[in-house]
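One structure below.
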Ligand code: CP
């Protein structure tokens, strides 16, 4: 079967169907079992170019680690203030230049639409590593992979998505992704942080969900609790942030109410949403989730860079 990811951009999860997810998951399962020497043949001689106009720990480092694990190298700009963007160079020119020096470009940018635009000017496949409040598709890939690995299924699960649903771009990509499965989704947020009305039509086309403000009342029903940080940096008015700051916090009291085999996920970074006391509990999967980020990104890069897949 032909590799549909070869030389393709990854801009939005809306472009994904269930088969595409399955292709990446199978490639990830395979790559995990390969020996280091075998893995290093996959990306030998290839270069990943990253452009991060917003801070990142996991996404940037896991892309670099993933590229190294398949035998490739990475070059990039981790802080736009040290690049010629500081002198006024446009996003388009910056992406174009990076695409001349690399085989695949990874972009994080604060503006909605930035990745779609960058994909148009890039000479090489472009991966959206977070565009404004819009999407973070590779996060959704690792999130769904985590659920599949840790719960052994996706269909039939009750998934609670908690916190900043208005500004959290991981939430939108995750909802588009979950639209490929038969899941019961509960959106749990303060009224001011419900999912944006301009996205509800697109999401409702894909999946049914209910909305509530009460995590405690719902937590005993859930198989997956996906909690997110309230994104202070996206609020136009700091007073509005102060009103919702600390709305949800999972500690040992709430974990006792969860199903025994339920899991807690978080795209990270966390602030105070999850007590560190929970890190060693069996429900805590957020660090494992970050580990899967490296594996799924290695698989995605392998598929984009190799016509015959892996
Ligand atoms: N989950 C995530 O995108 O983390 P970073 O912002 O650290 O990349």
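The values are calculated or read from the model by the stated rules, or taken from the named source; none is laboratory data. Source: prediction; values computed, not measured. With ideal geometry, Cβ positions are generated from the backbone for all residues, glycine too; neighbour counts draw on all protein chains shown.
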(request) Check region 145-152 and report whether any residue there is closer than 23 Å to residue 261 by Cβ, buried (at least 22 other Cβ atoms within 10 Å of the Cβ) and more than 16 Å from the ligand (Cβ to nearest atom). (result) no
Restricting region 1-21 to residues that are loosely packed, with under 13 Cβ neighbours inside 10 Å and without any contact (Cβ under 8 Å) to a residue 60 or more places away in the chain, the one farthest from residue 118 (Cα to Cα) turns out to be 1
Flagged in region 87-122 as on the phi < 0 side of the Ramachandran plot, within 17 Å of the chain's Cα centre (by Cα) and not in a helix (DSSP H, G or I), in numbering order, are 105, 106, 107, 108, 109, 110, 111, 112
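Pick out the one residue from 102, 115, 74, 81 that is free of Cβ contacts under 8 Å to residues at least 24 places away in the same chain and either farther than 22 Å from residue 302 by Cα or in contact with a strand residue (DSSP E or B) (Cβ under 7 Å, 6 or more places away or on another chain) (or both). Reasoning before the result, please.
Numbers: 102 fails: free of Cβ contacts under 8 Å to residues at least 24 places away in the same chain; 115 fails: free of Cβ contacts under 8 Å to residues at least 24 places away in the same chain; 74 fails: free of Cβ contacts under 8 Å to residues at least 24 places away in the same chain.
Matching residue, one of 102, 115, 74, 81: 81.
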Going through (1) part of a helix (DSSP H, G or I); (2) within 16 Å of the ligand (Cβ to nearest atom) one by one, residue 81 fails only at (2)
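Can you tell me how many residues in region 208-231 are in contact with a strand residue (DSSP E or B) (Cβ under 6 Å, 6 or more places away or on another chain) and crowded, with 16+ Cβ neighbours inside 10 Å? Steps first, please.
The first filter runs over region 208-231 and keeps only residues in contact with a strand residue (DSSP E or B) (Cβ under 6 Å, 6 or more places away or on another chain), leaving 209-212, 215, 218, 221-227.
Okay, now just the ones that are also crowded, with 16+ Cβ neighbours inside 10 Å, so 209, 215, 218, 222-227.
So the answer is 9.
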Within region 28-51, restricting to residues that are more than 29 Å from residue 86 (Cα to Cα) and within 19 Å of the chain's Cα centre (by Cα), the one that is farthest from the ligand (Cβ to nearest atom) is 29
Restricted to region 52-70 and to residues being within 12 Å of the ligand (Cβ to nearest atom) and assigned to a helix (DSSP H, G or I), the residue surrounded by the most Cβ atoms within 10 Å (Cβ to Cβ) is 63
Taking first residues from region 44-62 that are in the same structural domain as residue 128 (by TED's automatic domain parsing) and under 15 Å from residue 123 (Cα atoms) and second residues anywhere that are in a helix (DSSP H, G or I) and within 7 Å of the ligand (Cβ to nearest atom), the pairs with Cβ under 7 Å that are 6 or more apart or on different chains are 50/60
Residue 7 passes all but one of the listed conditions (1) away from the ligand (no atom under 16 Å from the Cβ); (2) at negative phi; the exception is number (2)
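So, residue 8, is that one in contact with a helix residue (DSSP H, G or I) (Cβ under 8 Å, 6 or more places away or on another chain), under 30 Å from residue 199 (Cβ atoms) and modelled with pLDDT of 95 or more or not?
Working: in contact with a helix residue (DSSP H, G or I) (Cβ under 8 Å, 6 or more places away or on another chain): yes; under 30 Å from residue 199 (Cβ atoms): yes; modelled with pLDDT of 95 or more: yes.
Considered against the rule, which asks whether it is in contact with a helix residue (DSSP H, G or I) (Cβ under 8 Å, 6 or more places away or on another chain), under 30 Å from residue 199 (Cβ atoms) and modelled with pLDDT of 95 or more, residue 8 comes out as yes.
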